[in-house]
Amino acid sequence: MKQLRLAPSQWAWKAAAVVLLTLAVHSSSLFAQRLVKGAVKDANSNEPVPGATVLVKGTSTGTVSDSDGTFEMQVPNDKRELEISYTGYEPQVIAIGNGCFLEVLLGENTTQLGEVVVTALGITKEKARVGYSVQDVKGADLIKAREPNPVNSLTGRVAGLTVGASAELLGGPSVLLRGDKPLYVVDGIPIQSDTWNINPDDIETITVLKGPNASALYGSRGQYGAIQITTKRGTKDKRGFTVELNNSTMIESGFLTIPKVQNEYGPGDHGRYAFADGKGGGLYDADYDIWGPKFEGQLIPQYDGEYTPDQEYVTTLANGATFTGNIKPTPWTARGKDNLQKFLRPGLLQTTNLAVSAGGENFDIRFSGTYTYQQGIVPNTELNTGNFNTTIGYNFNKKLRFESALNFNRQFTQNFPDVTYGPNSMIYNVIIWGGSDWSMDDMRNYWQPGKEGLQQIYADYTRYNNPWFSAYEWLRGHYKNDIYGYAALTYSFTDALKLMGRTQATSYDLFRNEKFPYSGTVYGREQAKGDYREDRRNLFENNTDLMLSFEKPLGEHFDVNASLGGSIRSFQYNSTFASTDYLNVPGWYNLNNSLFTRQVFNYGSDMRVLSAYSFVDLTYNRYLTLSLTGRWDKHSTLPASNNSYFYPSASLSAQVSEMVQLPDFFTFLKLRGSYAYVGSGLTRSTIPAAYLIAGRDIIDYGGDYYTPYEGPNYI
């Protein structure tokens, strides 16, 4: 066997090559990297956490999460863990593993940042120190599954808050807080709201102050609690601006269930029916009761039979009696058993929002525009809503800050349905009193030939109306402009003492009209000669506040937070309601076209309230807080000898879990108690005296006062 021998120089070169190859392999392994992506979210709300710091553990290599909470970065292959942190949250160390996308959930760090809540007058406090019941709802929760009215989304979210959602266009929800109607407040300022002028895309949080002890600083308006809305402002995105586009479309199939009705018997009474003119000329054809003959295909004079003035037809009735008339009999069948399903259509709710936000060291600004289109399930009904919102904040220097907000809301529709009880309601005509002897398809061409604009077609001409006729001819228009906004200046004398001046305005103008066509019938207007009505309302309210605030620790154990302020509230309301007394010329809808003397009502109301208020929170060792408030009001609508009143309140909060050592299964324990004494001024100062003289009932609707004759679904 031969052996290969290398010279010493050859051995040296061989060894060097092996060393270099080994270093190259290790160097390649050392510098190889992989792309890691992920998202940082709040563990409780599952909302994105923008600006969170993401570091490769043990290094200074890292990045921050974007506005939607996402991040991506290159990580060396030999590094297996990331550190994620953000102010107010517990830091997380998460293993990278073999996955390509990481979801990081950050839990709140209660030792770093106490949960805060917005209380009366827009004052922020630590939630644990509040001595009364208060509950928050995040604005993001209101747009996940949209409702036609944003307040409907509070259903089931707040203990003690009952929301009776309305399925009607312009039907405001019935909102009761512990059994009474709450006050609506936006950014610390009370507003006049029908709840349709609140845009969920602009809401940061909703805070519900429960009971008078929570909202005593609002005076008589807050005696039943308050729903406080905090709007979005600017952006904290590292790029300095954000653009958000949000669109949602929801289709409603209609009713969850259709009322079950009988389809064995048609209209009439005692098993007898014969149509002649729908006004009593036949047998039981003037009042549409459903106690007539059984549907068995027999020939009976009906609404669609041919009228032959020169020929008479004899019909034998169920009891052997006969009826003679000029209407040619047709088969008696249940051809309209699906009338409601044939009449209704799918509803549609479509909302588009565009928001642009910017922020910097000295400013924040946000513009938001929203358009909502709602198609009713009743044909020819709809509601359009446009909303524009802007908020601006600017720091002139470290001591002086300016803030403002403006919200404009426009509601408009040429027709919204009337679904109350009576012949004015299409559902009333179809389900409650409409039999299945007539077909919805036969009613589409709703004018009688040769009598267009004068006489509708239907199976009854005494009390009820063709549903298609009501949908396309009996029109109710609604046009409303809502504006509310504020401007505020805050000057900080020191870190502990600041003065805030703020003025706010709420205003709306409303115009509604009703075109009641010839041959339309309703209770009290049986002559069926049509009508035209106009309803105009204007409201303006201004609240101007001046408040001095002090917040500072006193020694090692005590903290004090106190404010002293005053406000002026001015309120003006005017309304005019006018109606024809039947129409002189059919189809001309004008107040000058009244057959008889027009009916006109008008009303005006002014009010002024002067107020002074104060509160003080005294906290011992961060776990025991005593809160005292007081408000004095002087009301212009009360007698001069007794036109002022005082609202005091007191509350005590004790965080037991911070005072003593509790078992591990207790994470937080607080005891609280409160007391308040409240009252109210003249709460119905806007009731027109003319309406009371006329003896009409008054209906409270969305903060306004209506008579059944004038709205909201007036006839």
Applying the selection to the stretch 571-591, what residues are under 20 Å from Gly520 (Cα atoms) and of a type outside the set (Gly, Ala, Ser)?
Thr580, Asp581, Tyr582, Leu583, Asn584, Val585, Pro586, Trp588, Tyr589, Asn590, Leu591
Which residue pairs have Cβ atoms closer than 8 Å, lie 6 or more positions apart in sequence or on different chains, and pair a first residue in the stretch 449-463 that is in a loop (DSSP other than H, G, I, E, B) with a second residue that is modelled with pLDDT of 90 or more and open to solvent by 80 Å² or more (accessible area, probe 1.4 Å)?
Ile457/Asn445
Return yes or no: is Arg569 within 20 Å of Tyr613 (Cα to Cα), open to solvent by less than 70 Å² (accessible area, probe 1.4 Å) and among the charged types (D, E, K, R)?
yes
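Can you confirm whether the stretch 255-270 contains a residue that is part of a loop (DSSP other than H, G, I, E, B) and touching an Asp or Glu at 6+ places or on another chain (Cβ under 8 Å)?
Of all residues in the stretch 255-270, those part of a loop (DSSP other than H, G, I, E, B) come to 255-264, 266-267, 270.
Restricting the remaining residues to those that are touching an Asp or Glu at 6+ places or on another chain (Cβ under 8 Å) gives 266-267.
Scanning the stretch 255-270 turns up at least one residue that is part of a loop (DSSP other than H, G, I, E, B) and touching an Asp or Glu at 6+ places or on another chain (Cβ under 8 Å).
Right, Leu400: under 21 Å from the mean Cα position of the chain (by Cα) and open to solvent by 20 Å² or more (accessible area, probe 1.4 Å) or not?
Details: under 21 Å from the mean Cα position of the chain (by Cα): no; open to solvent by 20 Å² or more (accessible area, probe 1.4 Å): yes.
For Leu400, the condition - under 21 Å from the mean Cα position of the chain (by Cα) and open to solvent by 20 Å² or more (accessible area, probe 1.4 Å) - is not met.
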Test set (1) out of contact with any strand residue (DSSP E or B) (no Cβ under 9 Å at 6 or more places or on another chain); (2) in contact (Cβ under 8 Å) with a residue 24 or more places away in the chain; (3) open to solvent by 20 Å² or more (accessible area, probe 1.4 Å) - Thr521 fails condition number
(3)
Select from the stretch 510-534 the residues that are hydroxyl-bearing (Ser, Thr, Tyr) and over 15 Å from Gln456 (Cα atoms) and list them in ascending order.
Tyr523, Tyr532
Identify the single condition in (1) touching a residue at least 12 places away in the same chain (Cβ under 8 Å); (2) assigned to a loop (DSSP other than H, G, I, E, B) that Thr352 does not satisfy, given that it satisfies every other one.
(2)
Of everything in the stretch 160-178, what is farther than 24 Å from Arg410 by Cα and either touching a residue at least 40 places away in the same chain (Cβ under 8 Å) or of a type in the set (Lys, Arg) (or both)? Give them in sequence order.
Gly160, Leu161, Leu177, Arg178
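Taking the conditions exactly as written (under 29 Å from Ala612 (Cα atoms) and either among the small types (Gly, Ala, Ser) or at pLDDT 85 or above (or both)), does Gly254 satisfy them or not? Walk me through it before giving the result.
Values: under 29 Å from Ala612 (Cα atoms): no; either among the small types (Gly, Ala, Ser) or at pLDDT 85 or above (or both): yes.
For Gly254, the condition - under 29 Å from Ala612 (Cα atoms) and either among the small types (Gly, Ala, Ser) or at pLDDT 85 or above (or both) - is not met.
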Give me the pairs: first residue in the stretch 623-641 and within 23 Å of Tyr675 (Cβ to Cβ) and among the small types (Gly, Ala, Ser), second residue open to solvent by 20 Å² or more (accessible area, probe 1.4 Å) and part of a strand (DSSP E or B), beta-carbon distance under 6 Å, and six or more apart or on different chains, which are they?
Gly630/Ser614; Gly630/Pro648
Show me the strands (runs of 3 or more DSSP E) found entirely inside the stretch 136-192 where at least 3 residues are crowded, with 21+ Cβ neighbours inside 10 Å.
183-186
Which pairs have Cβ atoms under 9 Å, sit 6 or more apart or on different chains, and link a residue in the stretch 207-230 that is in a loop (DSSP other than H, G, I, E, B) to one that is among the acidic types (Asp, Glu)?
Gln223/Asp180; Tyr224/Asp180; Gly225/Asp180
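Can you tell me which residue in the stretch 197-227 is surrounded by the most Cβ atoms within 10 Å (Cβ to Cβ), limited to those that are polar (S, T, N, Q) and closer than 11 Å to Val186 by Cα? Show your work before the answer.
Restricting attention to the stretch 197-227, the residues satisfying the condition of being polar (S, T, N, Q) are 197, 199, 205, 207, 213, 215, 220, 223.
Remaining after also requiring closer than 11 Å to Val186 by Cα: 205, 207.
Details: Thr205: 17, Thr207: 21.
In this case the residue turns out to be Thr207.
Mind listing whichever residues of the stretch 526-545 are open to solvent by 40 Å² or more (accessible area, probe 1.4 Å) and more than 13 Å from Gln455 (Cβ to Cβ)? Spell out the reasoning first.
Taking the stretch 526-545 first, the residues open to solvent by 40 Å² or more (accessible area, probe 1.4 Å) are 526-527, 529, 536, 538, 540, 544.
Across the stretch 526-545, the qualifying residues are Glu526, Gln527, Arg536, Asn538, Phe540, Thr544.
Looking at Ser605, Ser563, Ser636, Ser611 in this structure, which one is open to solvent by 40 Å² or more (accessible area, probe 1.4 Å), among the hydroxyl-bearing types (Ser, Thr, Tyr) and either modelled with pLDDT under 95 or out of contact with any Ser or Thr (no Cβ under 8 Å at 6 or more places or on another chain) (or both)? Don't jump to the end; show me each part of the working.
Working: Ser605 fails: open to solvent by 40 Å² or more (accessible area, probe 1.4 Å); Ser563 fails: open to solvent by 40 Å² or more (accessible area, probe 1.4 Å); Ser611 fails: open to solvent by 40 Å² or more (accessible area, probe 1.4 Å).
Being open to solvent by 40 Å² or more (accessible area, probe 1.4 Å), among the hydroxyl-bearing types (Ser, Thr, Tyr) and either modelled with pLDDT under 95 or out of contact with any Ser or Thr (no Cβ under 8 Å at 6 or more places or on another chain) (or both) holds for just one of Ser605, Ser563, Ser636, Ser611, which is Ser636.
Take Leu283 and decide whether it is closer than 30 Å to Gly325 by Cβ, open to solvent by less than 60 Å² (accessible area, probe 1.4 Å) and not β-branched (Val, Ile, Thr).
Spelling it out, Leu283 is indeed closer than 30 Å to Gly325 by Cβ, open to solvent by less than 60 Å² (accessible area, probe 1.4 Å) and not β-branched (Val, Ile, Thr).
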For the stretch 236-248, state whether one or more residues are crowded, with 21+ Cβ neighbours inside 10 Å and either outside any helix (DSSP H, G or I) or under 21 Å from the mean Cα position of the chain (by Cα) (or both).
no
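Quick one: which of Tyr373, Tyr421 is part of a loop (DSSP other than H, G, I, E, B), among the hydroxyl-bearing types (Ser, Thr, Tyr) and surrounded by fewer than 22 Cβ atoms within 10 Å (Cβ to Cβ)? Show your work before the answer.
Numbers: Tyr373 fails: part of a loop (DSSP other than H, G, I, E, B).
Being part of a loop (DSSP other than H, G, I, E, B), among the hydroxyl-bearing types (Ser, Thr, Tyr) and surrounded by fewer than 22 Cβ atoms within 10 Å (Cβ to Cβ) holds for just one of Tyr373, Tyr421, which is Tyr421.
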How many residues are open to solvent by 70 Å² or more (accessible area, probe 1.4 Å) and part of a strand (DSSP E or B) if we restrict to the stretch 482-500?
4
Going through the stretch 75-117 in order, the residues found to be within 36 Å of the chain's Cα centre (by Cα), surrounded by fewer than 13 Cβ atoms within 10 Å (Cβ to Cβ) and either at pLDDT 85 or above or under 19 Å from Val64 (Cα atoms) (or both) are Thr87, Glu103, Gly107
Restricting the search to the stretch 286-318, which residues are over 15 Å from Gly435 (Cβ atoms), open to solvent by 60 Å² or more (accessible area, probe 1.4 Å) and either under 47 Å from the mean Cα position of the chain (by Cα) or of a type in the set (A, V, I, L, M, F, W, C) (or both)?
Leu299, Val314, Ala318
Pick from the stretch 609-629, criterion of a type outside the set (Phe, Trp, Tyr) and touching a His at 6+ places or on another chain (Cβ under 8 Å), ranking: nearest to Leu539 (Cα to Cα):
Val609
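Can you say whether Tyr603 is in contact with a Pro (Cβ under 9 Å, 6 or more places away or on another chain), aromatic (Phe, Trp, Tyr) and either outside any strand (DSSP E or B) or touching a residue at least 60 places away in the same chain (Cβ under 8 Å) (or both), as far as the supplied structure shows? Lay out the reasoning, then the answer.
Numbers: in contact with a Pro (Cβ under 9 Å, 6 or more places away or on another chain): yes; aromatic (Phe, Trp, Tyr): yes; either outside any strand (DSSP E or B) or touching a residue at least 60 places away in the same chain (Cβ under 8 Å) (or both): yes.
Yes: the conditions hold for Tyr603.
The values are calculated or read from the model by the stated rules, or taken from the named source; none is laboratory data. Because the structure is a prediction, the values reported are computed rather than measured. Cβ: placed from backbone, ideal geometry, glycine included. Neighbour counts: every protein chain shown. Quick note on the areas: whole protein, heavy atoms, side chains included, nothing else; ligands and nucleic acids left out. Shrake-Rupley method; radii C 1.70, N 1.55, O 1.52, S 1.80 Å.
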